[in-house]
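A.B. asks: Structure incoming, see below.
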């Protein structure tokens with residue numbers, strides 16, 4: 001009986017790590033697939049489950065990257081530092097990328113915490129952190145806006161160019177009305193509505209306004225909505241004070 005118990009314990013000790021590693025890999029693969037699909041909340045849950053199954057230091061970078069996509073700056077930095085503090089199991093490219101992101105987030109948090117842009121004093125100069133505001137578009141919303149706008153604008157543009165050319169200098173009043181109404185169609189967004197005001201024939205004005213004009217307006221609104229939010233990105237640079245015989249000089253170095 002005692003021998004059987006010892007055998008059972010030995011098997012558990014041997015199989016336990018293998019089972020944990022298998023569970024970790026399953027959660028990790030699912031997390032990677034969800035991350036690629038931009039389902040970051042779900043990806044984070046899977047990565048955390050993988051870490052709970054077996055805390056592989058390589059997972060720390062993936063968890064940090066997911067937190068960063070969700071806007072969790074402090075959590076992302078914590079996991080990046082945990083990854084960098086672990087054994088050097090990743091290739092140099094991954095480690096260099098994580099190092100850059102950790103430095104960027106550190107500078108960003110430092111800038112957000114204090115009113116002064118001065119981050120630290122260094123020999124030969126003072127390291128400052130500037131902030132560049134960049135548009136961070138929501139990709140799917142931006143693509144949808146561009147497609148809708150194009151569907152509404154391309155037919156209007158073609159009619160605005162071709163109809164006046166085909167009609168030319170016709171003296172018929174109906175031709176002149178169509179020509180005058182088609183010219184404003186080359187204007188994006190407002191063109192179909194202006195065209196309807198110029199040529200107020202319902203069979204002409206209503207389709208342009210309800211279809212092309214509406215599509216262009218919706219597409220334009222989606223594009224604006226996708227690009228309206230700003231994302232702050234720290235831009236580290238160094239200001240060095242250089243003494244000279246005439247007094248002194250300043251040297252500014254960095255990437256802008």
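The values are calculated or read from the model by the stated rules, or taken from the named source; none is laboratory data. Remember, predicted model here, so these are calculated numbers, not experimental data. For neighbour counting, all protein chains shown are included, and Cβ atoms are generated from backbone atoms with ideal geometry for every residue, glycine included.
A.B. asks: Of everything in the range 66-78 that's in a helix (DSSP H, G or I) and in contact (Cβ under 8 Å) with a residue 24 or more places away in the chain, which residue is surrounded by the fewest Cβ atoms within 10 Å (Cβ to Cβ)?
C.D. replies: Just the residues of the range 66-78 that are in a helix (DSSP H, G or I), to begin with: 66-69, 73-78.
From the residues that got through so far, the ones that are in contact (Cβ under 8 Å) with a residue 24 or more places away in the chain too are 66, 68-69, 73-74, 76-77.
Working: 66: 25, 68: 19, 69: 15, 73: 16, 74: 9, 76: 21, 77: 21.
The qualifying residue surrounded by the fewest Cβ atoms within 10 Å (Cβ to Cβ) is 74.
A.B. asks: Based on what the data block shows, is residue 181 modelled with pLDDT under 85, touching a helix residue (DSSP H, G or I) at 6+ places or on another chain (Cβ under 9 Å) and surrounded by fewer than 20 Cβ atoms within 10 Å (Cβ to Cβ)? Steps first, answer last, please.
C.D. replies: Working: modelled with pLDDT under 85: yes; touching a helix residue (DSSP H, G or I) at 6+ places or on another chain (Cβ under 9 Å): yes; surrounded by fewer than 20 Cβ atoms within 10 Å (Cβ to Cβ): no.
Spelling it out, it is not the case that residue 181 is modelled with pLDDT under 85, touching a helix residue (DSSP H, G or I) at 6+ places or on another chain (Cβ under 9 Å) and surrounded by fewer than 20 Cβ atoms within 10 Å (Cβ to Cβ).
A.B. asks: All but one of (1) farther than 24 Å from residue 227 by Cβ; (2) modelled with pLDDT under 80 hold for residue 98; state the number of the condition that does not hold.
C.D. replies: Failed condition: (2).
A.B. asks: Is there a residue in the range 34-45 that is assigned by TED's automatic domain parsing to the domain that holds residue 98 and under 19 Å from residue 86 (Cα atoms)? Walk me through it before giving the result.
C.D. replies: Narrowing the range 34-45 to residues assigned by TED's automatic domain parsing to the domain that holds residue 98: 34-45.
Within this subset, residues satisfying the condition of being under 19 Å from residue 86 (Cα atoms) are none.
Within the range 34-45 (the criterion being assigned by TED's automatic domain parsing to the domain that holds residue 98 and under 19 Å from residue 86 (Cα atoms)), the answer is no, since none of the residues qualifies.
A.B. asks: Okay, moving on. Could you tell me whether residue 157 is modelled with pLDDT under 85, closer than 30 Å to residue 194 by Cα and surrounded by 14 or more Cβ atoms within 10 Å (Cβ to Cβ)?
C.D. replies: Details: modelled with pLDDT under 85: no; closer than 30 Å to residue 194 by Cα: yes; surrounded by 14 or more Cβ atoms within 10 Å (Cβ to Cβ): yes.
Considered against the rule, which asks whether it is modelled with pLDDT under 85, closer than 30 Å to residue 194 by Cα and surrounded by 14 or more Cβ atoms within 10 Å (Cβ to Cβ), residue 157 comes out as no.
A.B. asks: One residue is enough: does the range 160-183 have a residue meeting the conditions in contact (Cβ under 8 Å) with a residue 24 or more places away in the chain and in a loop (DSSP other than H, G, I, E, B)?
C.D. replies: There is no residue in the range 160-183 that is in contact (Cβ under 8 Å) with a residue 24 or more places away in the chain and in a loop (DSSP other than H, G, I, E, B).
A.B. asks: Okay, moving on. If you scan the range 18-36, which residues turn out to be modelled with pLDDT under 90 and farther than 12 Å from residue 50 by Cβ?
C.D. replies: If the condition is that a residue be modelled with pLDDT under 90 and farther than 12 Å from residue 50 by Cβ, then 18, 19 are the ones that fit.
A.B. asks: Check whether at least one residue in the range 39-56 is under 25 Å from residue 138 (Cβ atoms), surrounded by 13 or more Cβ atoms within 10 Å (Cβ to Cβ) and in contact (Cβ under 8 Å) with a residue 24 or more places away in the chain, and report yes or no.
C.D. replies: yes
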